[in-house]
Amino acid sequence: MLRIIAALMFTFAGAFAGGAFSFRLRERRELCRSIGLLLDEAAVGIRCRGADVYELSRIFRRDTGLSGLTFLNGLPECFEPGQDFRGQWQEALTQQELPDEERQLLAEFGDSLGKSDAEGQLSVIEGLKERLRRITVSREEAYSQKGRMYRSVGVLFGVMAGILVV
C-alpha cells in the first residue's frame with residue numbers, strides 16, 4: 001500500500017512540475033499583454049491629455065490592468081528636485097524579474113518618455129508596439145506548443161517514477 005501511495009505522490013509531483021513550467025510560459029504571455037496595455041495607456045495619455053512623465057506614472061499606477069507590472073509602483077508621481085525620472089525608471093525596472101527582451105523594451109520605453117515632443121514619443125511607442133507584437137507572437141507560440149508538452153511530460157515522468165517505485 002505504501003508503494004502505491006508513493007507512486008501516486010510521484011505522479012502528482014511530476015504533474016505539478018509540468019504545470020509549473022507551463023504556468024511560467026503563460027505568465028510571460030500575460031506579461032506581453034500587460035506591456036501592450038502600458039504602451040496603449042501611454043499613447044492615449046500623451047495624445048489626448050498631453051501628459052508628462054509624472055502624470056503618466058500616476059495613470060500607470062492606478063490602472064488595475066497593469067498590476068502584473070509591479071515595477072510601476074516604484075515610479076515617482078511628482079517631480080522631486082535632483083531626481084532623474086529615467087534613472088528612477090531604470091532603478092524601478094530592476095526591482096521586477098523580467099525576461100531580457102521585455103526588460104530591454106521597457107528600458108527603451110522609459111528612456112524615451114519625456115525626451116521629445118508628443119509626436120516623437122508617439123512614434124517611438126509605435127515602434128515599440130511593433131517589436132512587442134513580434135515578442136508576443138513568439139510567447140504565444142511557445143505557450144501553445146511547449147505548455148502542453150510540459151504538462152504531458154511532467155505527468156509521464158511522474159508516472160514513470162511511480163512505476164519504478166512499485
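Computed quantities for the displayed model
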| quantity | calculated |
| --- | --- |
| Derived scalar couplings ³J(HN,Hα) [the range 118-124; Karplus, 6.51 cos²θ - 1.76 cosθ + 1.60; whole Hz; x for Gly, Pro] | 4, 5, x, 5, 5, 5, 5 |
| For the range 137-149, Karplus couplings with θ = phi - 60° (6.51, -1.76, 1.60), whole Hz, Gly/Pro x | 4, 5, 5, 5, 5, 4, 5, 5, 8, 7, x, 5, 5 |
| Sites matching trypsin sites (Lys or Arg not before Pro) across the range 80-142 that sit in DSSP coil, with at most 14 neighbouring C-beta atoms within 10 Å | Lys115 |
| Projected label distance in nm at Thr70 and Leu122, using a 7 Å step from Cα toward the beta-carbon | 3.5 |
| Contact order relative to length of the chain, as percent, for alpha carbon pairs under 8 angstrom and 6 or more apart | 48 |
| Cα→Cβ-extended label distance, 7 Å offset, between Arg103 and Glu130, nm | 2.6 |
| Solvent-accessible area per residue for the chain (1.4 angstrom probe, square angstrom) | 59 |
| Charge context of Gln121, other residues only, Cβ under 15 angstrom, K/R +1, D/E -1 | -4 |
| Matching label, semi-axes √(5λ) of the Cα gyration tensor in Å computed from the structure shown, candidates (1) 43, 16, 11; (2) 38, 16, 13; (3) 25, 18, 14 | (1) |
| Size of electric dipole in the chain: Cβ of Lys, Arg +1 and of Asp, Glu -1, about Cα centre, debye, nearest 20 | 1040 |
| Share of carbon and sulfur in the accessible heavy-atom surface of the range 1-148 [1.4 Å probe, %] | 54 |
| Loop-located GluC sites (Glu not before Pro) in the range 1-96, at most 15 other Cβ atoms within 10 Å (DSSP) | Glu77 |
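The values are calculated or read from the model by the stated rules, or taken from the named source; none is laboratory data. None of the values given here were measured: they were computed from a predicted structure. Positions of Cβ are backbone-derived with ideal geometry, glycine not excepted, and every protein chain shown enters the neighbour counts. In case anyone asks, the SASA skips ligands and DNA or RNA and just uses the protein heavy atoms, side chains included. Shrake-Rupley method; radii C 1.70, N 1.55, O 1.52, S 1.80 Å.
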